[in-house]
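Read-outs throughout are calculated quantities, based only on the coordinates presented, and are distinct from any laboratory measurement. Owing to the predicted nature of the structure, the values given are computational and were not obtained by experimental measurement. Glycine gets a Cβ as well: all are built from the backbone with ideal geometry, and neighbour counts include every protein chain shown.
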Amino acid sequence: MGSPDLSCARRGVGGWGWRTSLAIKRLRPVPVKDGASRSRPPVRAPSTPSLGRVSGVSWGTPSARAVVAAATLGSGMTLLDGTVVNVALRTMGEDLDASLAQLQWITNGYFLSLASLILLGGSLGDRLGRRRVFVIGTVWFALASLLCGLAPTAEVLVVARVLQGIGGALLTPGSLAMIQGAFRAEDRSRAIGAWSGLGGIAAALGPLVGGLLVDHASWRWIFLINLPIAAVTVWLAQTWVPESRDPRTQGRFDVAGAVLAALALAGTTWALTDAGGAVTLWAAGCGLVAAVVFVAVERRSRGPMVPLGLFADRTFSAANLMTLVVYAALGAILFFLVLQLQTVGGYNALQAGLSTLPITACMLLLAARGGALGERIGPRVPMTFGPLVMAAGTLLLLRVGPDVTWWRDVAPGLTVFGLGLALMVAPLTATVLAAAPDEVAGVASGINNALARAGSLLAIAALPMAVGLAGDDYRDPARFDTAYGSAVLACAALLVVGGLVSWFTIPRRVQTPTA
């Protein structure tokens, strides 16, 4: 019997979870055991793991609902944490007496470990068992969330966020992989569509839930709320999700590659966040050396975490460069905007969180249309004009100041920004997948996802220093307002660069190469 096709199983949830549903079109039929039908009774998780086994779970059954619920709750925790932390940053800073650099690390510590290890997390699931690694990641994420919620100092919270990212790297790729390995081939697209749609809802609820918890309970509850969610997720996975592995995976884990990638990102981030002094120079040097050694190790490895040969394709390289630049701008503008609304505009956490909903609404309503447009006319135009429209929306956000009015100063800019994002995201993801051989589509998607997170990580690290913010300047309305204007212009410039990269490098049509 055939093994499950998991060409996209290592895909993480990029940005706010708006990239994953495109994997549906790359799925290929997988044989299932004779006798599998829609009338079969619910299939509970087998007591012994199966290697590459397709359980044949049918859509509409209790087991199907349980599998989708487990995968959605698991990935939903990571999505929720990705959208709630920004609205709580200012309150955290005041409560823990944190500096701006520490606030940056509270955000970036999570992105650092997640971006560095998400590809390794996918490989671990393929070889050790997708359900097993997913459950381990969920438990790890919950324990790290508990540490976040109880953190007595900013330093402890940063460490806890790094640990939380490790858990996210284990459970994120497994959430989609479990669905692909569990459902019958003819039901898999519907299951992934439901998972992706529910993930989008989780992302949309993040600012609302975060704002409510921060304003009416405590910022600590944005982390502690993960504990009951994780408990239900583990129970569902252990009870209903069948175990599966990919018997085609061979060789050793690329632990060296993962460690070097983490060191390269950590050193660079430290240097950008805490510029000045000998420690900064050492951090920058360590990051540079780790990056060079990483490339050398990946070139020589028989089973590299990042197959560098993929970057020989001009389209693949260009699409990933564009991803790095555009998601850097996306991460930075959200970081600065939420703080600007609270520090300068006087918004509370709930108001600041709800203010960003036009972006999510545009994505939920229009991303599929952007994908259809890309299929009809090719990816170059939407991948060019998407970032340019986002740049226009970013410039409109220059109106956000001391006398901010949401409908006049915030909503227009974020709506235009969201329209550009919806135009770009689906064609971008489809281009990355089309530029890689089918056999490594999952790895290619994972690389793109990691670069999106790395872009946000580096921008949030570098931009505050570049616009003159330091110490506790985020608490000073006048100083932060001045820096905010410069940051908005920098983000708009990054988006223009992303659009130009696409126009001059992305072909009108992309043909999938052979391995």
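Points to keep in mind about this one:
- 3J(HN,Hα) from dihedral phi, region 187-201, Karplus parametrisation 6.51/-1.76/1.60, rounded to Hz, x for glycine, proline: 9, 5, 4, 5, 5, 5, x, 5, 4, 5, x, 5, x, x, 5
- Remark: relative contact order (the chain) = 22 percent; criterion is Cα-Cα distance under 8 angstrom and separation of 6 or more residues.
- Taking 7 Å steps out from each Cα toward its Cβ at ALA256 and VAL289 produces label points 1.6 nm apart.
- Here is the tail figure for region 364-515: Cα pairs spaced more than 18 Å apart come to 65 percent of all pairs.
- Rounded to whole Å, the principal axis extents of the Cα atoms in region 255-300 read 35, 13, 11, largest first.
- Inter-label distance, GLU375 to ASP476: 5.4 nm, where each label sits 7 Å from its Cα along the C-beta direction.
- Around the Cα centre of the chain, unit charges on the Cβ atoms of Lys, Arg, Asp and Glu (plus for the first two, minus for the last two) sum to a dipole of about 2040 debye.
- Net +/- balance of residues flanking THR153 in space, Cβ distance below 12 Å, scoring K and R +1, D and E -1: -3
- FRET efficiency, 1/(1 + (r/R0)^6) with R0 22 Å, evaluated for THR239 and LEU128 via beta carbons: 0.65
- Sum of -39500 (n - 2.57) over DSSP H runs of 4+, divided by residues of the chain (222 nm, nearest 500): -24500 deg cm²/dmol
- Between ALA426, LEU489, GLY446, the Cα set farthest toward the positive side of the dipole of region 422-515 (charges on each charged residue's Cβ, about the Cα centre) is that of ALA426.
- Karplus-derived HN-Hα couplings along region 334-339 (A = 6.51, B = -1.76, C = 1.60, θ = phi - 60°), whole Hz, x at Gly and Pro: 5, 4, 6, 5, 5, 5
- Overall shape of region 242-358 was characterised from the C-alpha gyration tensor. The equivalent ellipsoid obtained from it has semi-axes of 35, 23, 15 Å, in decreasing order.
- Region 473-505 versus region 122-189: alpha-carbon centroid distance in Å: 32
- Stokes-Einstein D for region 204-268, Kirkwood Rh over Cα pairs, 37 °C, 0.692 mPa s (µm²/s): 202
- If a spin label sat at a point 7 angstrom from the Cα of ALA217 along the line to its beta carbon, no backbone N atom of region 92-107 would be nearer than 14 Å.
- With the largest listed first and rounded to whole Å, the semi-axes of the equivalent ellipsoid of the chain from the Cα gyration tensor are 35, 25, 23.
- Computed about its Cα centre, the charge dipole of region 374-515 is approximately 420 debye, with only Lys, Arg, Asp and Glu carrying charge at their Cβ.
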